[in-house]
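Notes to accompany the following structure.
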Amino acid sequence: MNLLKKVWYDKNLIKVLKEGGVVVMPTDTIYGIVGKALSQPTVERIYDIKKRAPEKPCIILISDWAEVEKFGVDISKIKIPEYNEPTSFVLDCLNPEFEYLHRGTHTLAFRKPNILELQNLLKETGPLIAPSTNPEGLPPAQNISEAQNYFGNSVDLYIDGREISGKASKIIKLNNNGTVTVLRP
């Protein structure tokens, strides 16, 4: 089993995330600073730790497309395209209950990782917000040492996936009229 597969089976990782903790860990793209998407205190804590601009929503990792319904998003009339590269899809979210996630944009970005082990982790923990591991305006951490230099003890757990120099996911807006808009190639 390769290192990343072992990482996503870490029982402490699952426990910390289920309890609303904040974790720096490898995702299917780059290191993310992750936490429960359905926990407003966890989401706000991640914004504080990252010093993220409050108007910028975060990508939400899901194990299955049916999970978007937990956020009041109806995809019954939308076809989610398949891509060979990690792709996040922006969907309309008009439910005011999720203002803490959509930050006034009335949209949410979701990504279902193509990695089975990460999908299994998400089945255990539920949806996770997963912005990049960096304070606003700085480059994303490519290893745990860089992440620790950024965040120190403000994070509950660091999961080492060694050096990751991938790139952030493609972001595509799926419009209600059936058209798509590429927001980040």
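The values are calculated or read from the model by the stated rules, or taken from the named source; none is laboratory data. Keep in mind that what you see is a predicted model, and the values were worked out from it rather than measured. Methodologically, a virtual Cβ is constructed for each residue, glycine included, from the backbone with ideal geometry; neighbour enumeration extends over all protein chains shown.
Quick look at the values:
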{"quantity": "Search result, residues across the stretch 17-49 that are among the small types (Gly, Ala, Ser), surrounded by 24 or more Cβ atoms within 10 Å (Cβ to Cβ) and not in a strand (DSSP E or B)", "calculated": "Ala37"}
{"quantity": "Set Asn95, Asn114, Asn120: member being closer than 19 Å to Lys173 by Cβ, among the polar types (S, T, N, Q) and modelled with pLDDT under 95", "calculated": "Asn95"}
{"quantity": "Odd one out for Gly166 among (1) small (Gly, Ala, Ser); (2) buried (at least 16 other Cβ atoms within 10 Å of the Cβ); (3) not in a helix (DSSP H, G or I)", "calculated": "(2)"}
{"quantity": "Residues that are assigned to a helix (DSSP H, G or I) and basic (Lys, Arg), drawn from the stretch 78-130", "calculated": "Lys123"}
{"quantity": "Filter result for Ser154 (surrounded by fewer than 17 Cβ atoms within 10 Å (Cβ to Cβ), at pLDDT below 90, over 19 Å from Phe110 (Cα atoms) and small (Gly, Ala, Ser))", "calculated": "no"}
{"quantity": "Odd one out for Pro54 among (1) touching a residue at least 40 places away in the same chain (Cβ under 8 Å); (2) in contact with a helix residue (DSSP H, G or I) (Cβ under 7 Å, 6 or more places away or on another chain); (3) surrounded by 15 or more Cβ atoms within 10 Å (Cβ to Cβ); (4) part of a loop (DSSP other than H, G, I, E, B)", "calculated": "(3)"}
{"quantity": "The stretch 68-91 - residue that is among the charged types (D, E, K, R) and under 24 Å from Asn177 (Cβ atoms) and, of those, modelled with the lowest pLDDT", "calculated": "Lys77"}
{"quantity": "Near pairs, Cβ below 7 angstrom, 6+ apart or cross-chain, from the stretch 63-88 (closer than 16 Å to Ser169 by Cα) to any residue that is outside any helix (DSSP H, G or I) and aliphatic (A, V, I, L, M)", "calculated": "Thr87/Ile172; Ser88/Ile59; Ser88/Ala109; Ser88/Ile171"}
